[in-house]
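A.B. asks: Shown below is the structure under consideration.
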Amino acid sequence: MRYWSERLWELRRYPSALLGMAIIFCLVGLSIVTVIAIPYDEALDRWRGGDYWRMHPRNAEPVWLNRLKGGNKPKTLIISSHDAETKSVTFSGGRRLRIPLHFDYDFSAFPSEINLFLKSEKHTREPFARLTWHTPDGREIPLGGRRITANDRFSLSQDWALERRLGQLPHVGLLARPDTDSPEVLSGRYTLVLDAVLFDEAAEITAELVVYGRVHGLAGTDHQRRDLLLALLWGTPIALAFGLLAAVGTTLTTLVIAAAGVWFGGRLDATIQRLTEINMILPLLPILVMVGTLYSTSIWLMLGVVVLLGIFSASAKMYRAMLLPIRESPYIQAAQAYGASDSRIILHYLVPRILPVLIPTFVTLIPAFVFLEASLAVLGLGDPVLPTWGKVLNDAQNESALYNHYYYWVLAPALLLMLTGLGFALLGFALDRVFNPRLRRI
Amino acid sequence: MKLSQNPSIPKKAEGLLRDLKLMLLLTCKRIIALVLMVLIGVYLTILIANMGGRVDELRLVQIRSEISEAVRGDLSFRELDSAERNQLIQRRVDLEVQRLNLDRPFLLRSFSYLYRAMRLDLGRAEQMHSDKGSREVHAIILERLPATLLLFGTANLLIFFLSVYTALWLSRHYGSFMDRIVIVLAPTSAAPAWFYGIFLILCFAFLLPILPAGGMVRAPPPEDNWNYTLSVLKHMALPVMAMLLSQIFISIYSWRTFFLIHSSEDYVEMARAKGLPSRMIERRYILRPTLAPVITSFMLMLISMWSGAIILERTFSWPGLGTLIFQAIGHHDTPVIIGSVVIFAYLLAFSILVLDIVYGIVDPRVRIGVSR
């Protein structure tokens, strides 16, 4: 124990080790916070996409990035009918409602989309709604009307008739200064007036106007409106868990098997040696890709295959070479003399002896597996349900993010991967110097 | 032979004969072991690639649906009634199953696969074909191999020689500014080459469009040889740079450490004390005893070159073996998958054999079978 604490205490002399540990602590802390803040099931459910994200813009860049560039791109505005001053006129057999939805628009760019979500309740006959768009300079643009169902939406941006009438995309034309060659934003107070006729006394109607912006949150959004922050946050515990489990699984099993081979010798040792040589021929990544395409891309199956193929990895030979001289040392003979069992000698006397040499390798192995998971995801073999960094990269690649200038989409997961790799590598290199006696001499 | 000049061996001819005999014995032993190794490795690959027959079921379903669609869509069979049509479909399915040997049990087929694979008779691809239109697996693989060798050969040779020479220089200037920079940058190698590839594509293909983002040659390919080479070189620049970035620092770092350990040996100190020039110390006292590990790592580099890299090639759309394996797996094209692994296994085994022989020549202890 003394040996370990002394060696670890030595680490403080290496600034790189301290930096590496700081990064790792940050990542672990982030993972813990994430797992507590967003439960696993909820994260999976949200990442599946769909209705949860309907109020989010598509492909919006992070807010801070826009600030940094000095831009004034629009945020998403949500105007609810709860805050509007509704005028209600009752007539026989129904009510007439007039809901003005105001919003102030003073951004430099046009919104990315405009949608109106309508919800009507407690009615027997479907209500009728008519929309009018009032611009700050007093123009009125009728947007048509129709019967609305219980859960309805007016997709103004996809109204082809309106687009033809305005001569440009609706979310541009509705907010543009009139009679200019290139569209310019006309800032000021806009109002969407919703005139609804309800055919029931008790019927109610709620409306939410969403003017989608071009910036969102800390991490931006992807093509399915999902907040990338969710994947970036949840990618952390998944990456760490995968890396750690794979590293522990491969190193420990290999070590124990190599120790068993050395201790028992003879045929067992020869078999292990031959298996290691055969394993060298099997290419790891093609086999993983094969398993991914033919069976399932579940991350736990991949982990299993990685560990399985890692058991007889080339490092078994290295451990064997290190263990062979230890086998003959007097303290092992002493253990034998007092009647220690084979398993006790292997697990308590042989394995712990070379653990110090192993620690640095082990630490540098973790990022290798983190990157392996990302690699598989980039090949399109990521876990189908889990939000991981690699899958974000894969989505970005499929949507040609670089070509479309959505740089944040690639850079954020890539930087997190890099940070993880760097953290463990920095610590691993320092550990290597501390635990490797040959390196310490120089 | 240089080794026979060793003064510890009494008579020249006798020593040479003994060495030859030992080398022959060693080579034979290793060849037998390696053949067995390749045999088992390839068989395992066949089992995995076929997933114990699961792929066959998938393929049967696929064949049936394809044929029935073809028959239903064919206007000349429109007059047939349904019973006749089903018969026709069944007949065609049987023919196709026979053509692909799917009617025999998997175990038997796996052995015939193994036998043919070991004879390098790789058979015909099921879905894929080479750019020239051939269905022969070896034609497909041969077409892709040069691309992989060109890219990975260039990059690996560059990395190897650059890192060994820089490391030698650094081990002489231990603790200098350059040395520190290399130590600081070594952990950046935790990221694989494709990862740097993304950044390089971002920087040099989109932000500063001076180099192509992917592919091997401009489309359409230039007519004359000179422009063709130039275009290939331009396309190679980014992937080679990505590999260089991801490996060079760790490579220099480990070689530097290795040389430093060896240059603190007593005989090197002795040579220094004698006042020998540093070039001579490097060549005779540092490089020569470390020759075996240097050769090993050179060979390992060659081995990694054969397999290419699936993801790097995919990132840069490089038409090499890695891309081929990925496409073959996507098409469930078993012969191509097995073919590329067989080629890989053979090349690997061959490299290991050469390595063993070179070891035997360089290191007498290996030759006479003294365990280290």
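The values are calculated or read from the model by the stated rules, or taken from the named source; none is laboratory data. These figures come from a predicted structure and were not determined experimentally. Here the Cβ is made from the backbone with ideal geometry for all residues, glycine too, and neighbour counts use every protein chain on show. Ligands, DNA and RNA are excluded from the accessible area calculation, which covers all protein heavy atoms including side chains. Shrake-Rupley method; radii C 1.70, N 1.55, O 1.52, S 1.80 Å.
A.B. asks: Just need a number here: residues in the stretch A:265-286 that are over 16 Å from B:L34 (Cα atoms) and either modelled with pLDDT of 80 or more or more than 8 Å from every other protein chain (Cβ to nearest Cβ) (or both).
C.D. replies: Going through the stretch A:265-286 one residue at a time, the tally reaches 6.
A.B. asks: Pick out the one residue from A:L379, A:L372, A:L422, A:L402 that is under 20 Å from the mean Cα position of the chain (by Cα) and closer than 23 Å to A:Y40 by Cα. Give the derivation first.
C.D. replies: On the way: A:L379 fails: closer than 23 Å to A:Y40 by Cα; A:L422 fails: closer than 23 Å to A:Y40 by Cα; A:L402 fails: closer than 23 Å to A:Y40 by Cα.
Going through A:L379, A:L372, A:L422, A:L402 in turn, the sole match is A:L372.
A.B. asks: I want to confirm something. Restricting to the stretch A:292-347 and keeping residues that are touching a His at 6+ places or on another chain (Cβ under 8 Å) and closer than 24 Å to A:L379 by Cβ, which single residue is least open to solvent (accessible area, probe 1.4 Å)?
C.D. replies: The selected residue is A:L294.
A.B. asks: Considering only residues that are part of a helix (DSSP H, G or I) and of a type outside the set (A, V, I, L, M, F, W, C), look in the stretch A:287-303 and name the one that is farthest from the other protein chains (Cβ to nearest Cβ).
C.D. replies: Pass one, the stretch A:287-303, residues part of a helix (DSSP H, G or I): A:287-294, A:299-303.
Next, from what is left, pick out any that are of a type outside the set (A, V, I, L, M, F, W, C): A:292-293.
Values: A:G292: 8, A:T293: 5 Å.
Top of the filtered list is A:G292.
A.B. asks: A follow-up question, please. So which residues in the stretch B:322-336 are open to solvent by less than 10 Å² (accessible area, probe 1.4 Å) and part of a helix (DSSP H, G or I)?
C.D. replies: To start, the set of residues in the stretch B:322-336 that are open to solvent by less than 10 Å² (accessible area, probe 1.4 Å) comprises B:322, B:324, B:328-329, B:333-334, B:336.
Correct list: B:G322, B:L324, B:A328, B:I329, B:T334, B:V336.
A.B. asks: What is the residue count in the stretch B:21-53 for residues that are over 29 Å from the mean Cα position of the chain (by Cα) and surrounded by 16 or more Cβ atoms within 10 Å (Cβ to Cβ)? So that I can check it myself, show each step before the final result.
C.D. replies: First, pick out the residues of the stretch B:21-53 that are over 29 Å from the mean Cα position of the chain (by Cα): B:21-22.
Those still in the list that are surrounded by 16 or more Cβ atoms within 10 Å (Cβ to Cβ) too: B:22.
Counting residues in the stretch B:21-53 that are over 29 Å from the mean Cα position of the chain (by Cα) and surrounded by 16 or more Cβ atoms within 10 Å (Cβ to Cβ) gives 1.
A.B. asks: Another question, then. List, please: which pairs have Cβ atoms under 7 Å, are six or more places apart or on different chains, and start with a residue in the stretch B:205-223 that is touching a residue at least 24 places away in the same chain (Cβ under 8 Å) and end with one that is surrounded by fewer than 16 Cβ atoms within 10 Å (Cβ to Cβ) and part of a loop (DSSP other than H, G, I, E, B)?
C.D. replies: Hits for this filter: B:G214/B:S317; B:G215/B:S317.
A.B. asks: Can you confirm whether A:A219 is buried (at least 21 other Cβ atoms within 10 Å of the Cβ), touching a strand residue (DSSP E or B) at 6+ places or on another chain (Cβ under 8 Å) and in a loop (DSSP other than H, G, I, E, B)?
C.D. replies: Details: buried (at least 21 other Cβ atoms within 10 Å of the Cβ): yes; touching a strand residue (DSSP E or B) at 6+ places or on another chain (Cβ under 8 Å): yes; in a loop (DSSP other than H, G, I, E, B): yes.
When the stated conditions are applied, A:A219 passes them.
A.B. asks: So which residues in the stretch A:380-393 are open to solvent by less than 30 Å² (accessible area, probe 1.4 Å), closer than 15 Å to A:H223 by Cβ and either in contact with a strand residue (DSSP E or B) (Cβ under 6 Å, 6 or more places away or on another chain) or more than 10 Å from chain B (Cβ to nearest Cβ) (or both), if there are any at all? Don't jump to the end; show me each part of the working.
C.D. replies: At the first step, the residues of the stretch A:380-393 found to be open to solvent by less than 30 Å² (accessible area, probe 1.4 Å) are A:381-383, A:386-390, A:392-393.
From what's left, closer than 15 Å to A:H223 by Cβ: A:387, A:392-393.
The answer is A:P387, A:V392.
A.B. asks: Which one is modelled with the lowest pLDDT, of the residues in the stretch A:80-131 that are farther than 24 Å from A:R177 by Cα and among the polar types (S, T, N, Q)?
C.D. replies: So, considering only residues that are farther than 24 Å from A:R177 by Cα and among the polar types (S, T, N, Q), the one modelled with the lowest pLDDT is A:T124.
A.B. asks: Separate question: Scan the stretch A:208-215 and give yes if some residue there is open to solvent by 20 Å² or more (accessible area, probe 1.4 Å), more than 14 Å from chain B (Cβ to nearest Cβ) and either within 30 Å of A:G94 (Cβ to Cβ) or not charged (D, E, K, R) (or both), otherwise no.
C.D. replies: Yes; the residues of the stretch A:208-215 include at least one that is open to solvent by 20 Å² or more (accessible area, probe 1.4 Å), more than 14 Å from chain B (Cβ to nearest Cβ) and either within 30 Å of A:G94 (Cβ to Cβ) or not charged (D, E, K, R) (or both).
A.B. asks: Let me spell it out: the conditions are (1) closer than 21 Å to B:Q247 by Cα; (2) within 11 Å of chain B (Cβ to nearest Cβ); (3) of a type in the set (A, V, I, L, M); (4) open to solvent by less than 50 Å² (accessible area, probe 1.4 Å), and A:L431 meets all of them except one. Which number is the exception?
C.D. replies: (2)
A.B. asks: Condition check: among the aliphatic types (A, V, I, L, M), crowded, with 24+ Cβ neighbours inside 10 Å, in contact (Cβ under 8 Å) with a residue 40 or more places away in the chain and not in a loop (DSSP other than H, G, I, E, B). Does A:L419 satisfy that?
C.D. replies: no
A.B. asks: Quick one: would you say A:L230 is in contact with a Lys or Arg (Cβ under 7 Å, 6 or more places away or on another chain) and either among the hydrophobic types (A, V, I, L, M, F, W, C) or not in a loop (DSSP other than H, G, I, E, B) (or both)? Full working, then the answer.
C.D. replies: Values: in contact with a Lys or Arg (Cβ under 7 Å, 6 or more places away or on another chain): yes; either among the hydrophobic types (A, V, I, L, M, F, W, C) or not in a loop (DSSP other than H, G, I, E, B) (or both): yes.
So A:L230 fits the description; yes.
A.B. asks: Then there's this: Out of A:R7, A:R13, I need the residue that is among the charged types (D, E, K, R), surrounded by 14 or more Cβ atoms within 10 Å (Cβ to Cβ) and modelled with pLDDT under 85. Which one? Spell out the reasoning first.
C.D. replies: Values: A:R13 fails: surrounded by 14 or more Cβ atoms within 10 Å (Cβ to Cβ).
Testing whether each residue is among the charged types (D, E, K, R), surrounded by 14 or more Cβ atoms within 10 Å (Cβ to Cβ) and modelled with pLDDT under 85 leaves just A:R7.
A.B. asks: Quick one: B:D131 ticks every box in (1) open to solvent by 60 Å² or more (accessible area, probe 1.4 Å); (2) within 21 Å of A:F429 (Cβ to Cβ) except a single one, so which number is it?
C.D. replies: In the conditions (1) open to solvent by 60 Å² or more (accessible area, probe 1.4 Å); (2) within 21 Å of A:F429 (Cβ to Cβ), B:D131 misses (2) alone.
A.B. asks: Could I ask something else about it? For a quick check of your reading: which helices (runs of 4 or more DSSP H) sit entirely within the stretch B:132-236 and have at least 2 residues that are closer than 20 Å to B:I325 by Cα and within 24 Å of the chain's Cα centre (by Cα)?
C.D. replies: Details: elements: B:137-172, B:177-185, B:193-201.
Once the helices (runs of 4 or more DSSP H) in the stretch B:132-236 are filtered for at least 2 residues that are closer than 20 Å to B:I325 by Cα and within 24 Å of the chain's Cα centre (by Cα), what remains is B:137-172, B:193-201.
A.B. asks: Given the conditions (1) more than 14 Å from chain A (Cβ to nearest Cβ); (2) touching a residue at least 24 places away in the same chain (Cβ under 8 Å), report the number of the one that B:Y165 does not fulfil.
C.D. replies: It fails just one condition, (2).
A.B. asks: Here is a further query. So B:F259 passes all but one of these: (1) open to solvent by 40 Å² or more (accessible area, probe 1.4 Å); (2) within 30 Å of B:L353 (Cα to Cα). Which condition number does it fail?
C.D. replies: Result: B:F259 passes all but (1).
A.B. asks: Every residue in the stretch A:355-374 that is open to solvent by 10 Å² or more (accessible area, probe 1.4 Å), at the interface with chain B (Cβ under 9 Å from one of its Cβ atoms) and in contact with a helix residue (DSSP H, G or I) (Cβ under 6 Å, 6 or more places away or on another chain), please.
C.D. replies: Answer for the stretch A:355-374, where residues must be open to solvent by 10 Å² or more (accessible area, probe 1.4 Å), at the interface with chain B (Cβ under 9 Å from one of its Cβ atoms) and in contact with a helix residue (DSSP H, G or I) (Cβ under 6 Å, 6 or more places away or on another chain): just A:T364.
A.B. asks: Restricting to the stretch B:262-277, give me the number of residues that are open to solvent by 10 Å² or more (accessible area, probe 1.4 Å) and of a type in the set (A, V, I, L, M, F, W, C).
C.D. replies: Of the residues in the stretch B:262-277, 3 are open to solvent by 10 Å² or more (accessible area, probe 1.4 Å) and of a type in the set (A, V, I, L, M, F, W, C).
A.B. asks: Only one of these is buried (at least 21 other Cβ atoms within 10 Å of the Cβ), facing chain B (nearest Cβ under 10 Å) and assigned to a helix (DSSP H, G or I): A:A412, A:A396, A:A377. Name it.
C.D. replies: Details: A:A412 fails: facing chain B (nearest Cβ under 10 Å); A:A377 fails: facing chain B (nearest Cβ under 10 Å).
After ruling out the rest, the residue left standing is A:A396.
A.B. asks: Out of all the residues in the stretch A:399-409, which are assigned to a helix (DSSP H, G or I) and either at pLDDT below 85 or within 10 Å of chain B (Cβ to nearest Cβ) (or both)? Lay out the reasoning, then the answer.
C.D. replies: Of the stretch A:399-409, the ones assigned to a helix (DSSP H, G or I) are A:407-409.
Within the stretch A:399-409, just A:Y407 meets the criteria.
A.B. asks: From the list B:V61, B:V71, B:V137, which residue is free of Cβ contacts under 8 Å to residues at least 12 places away in the same chain and of a type in the set (V, I, T)?
C.D. replies: On the way: B:V71 fails: free of Cβ contacts under 8 Å to residues at least 12 places away in the same chain; B:V137 fails: free of Cβ contacts under 8 Å to residues at least 12 places away in the same chain.
Matching residue, one of B:V61, B:V71, B:V137: B:V61.
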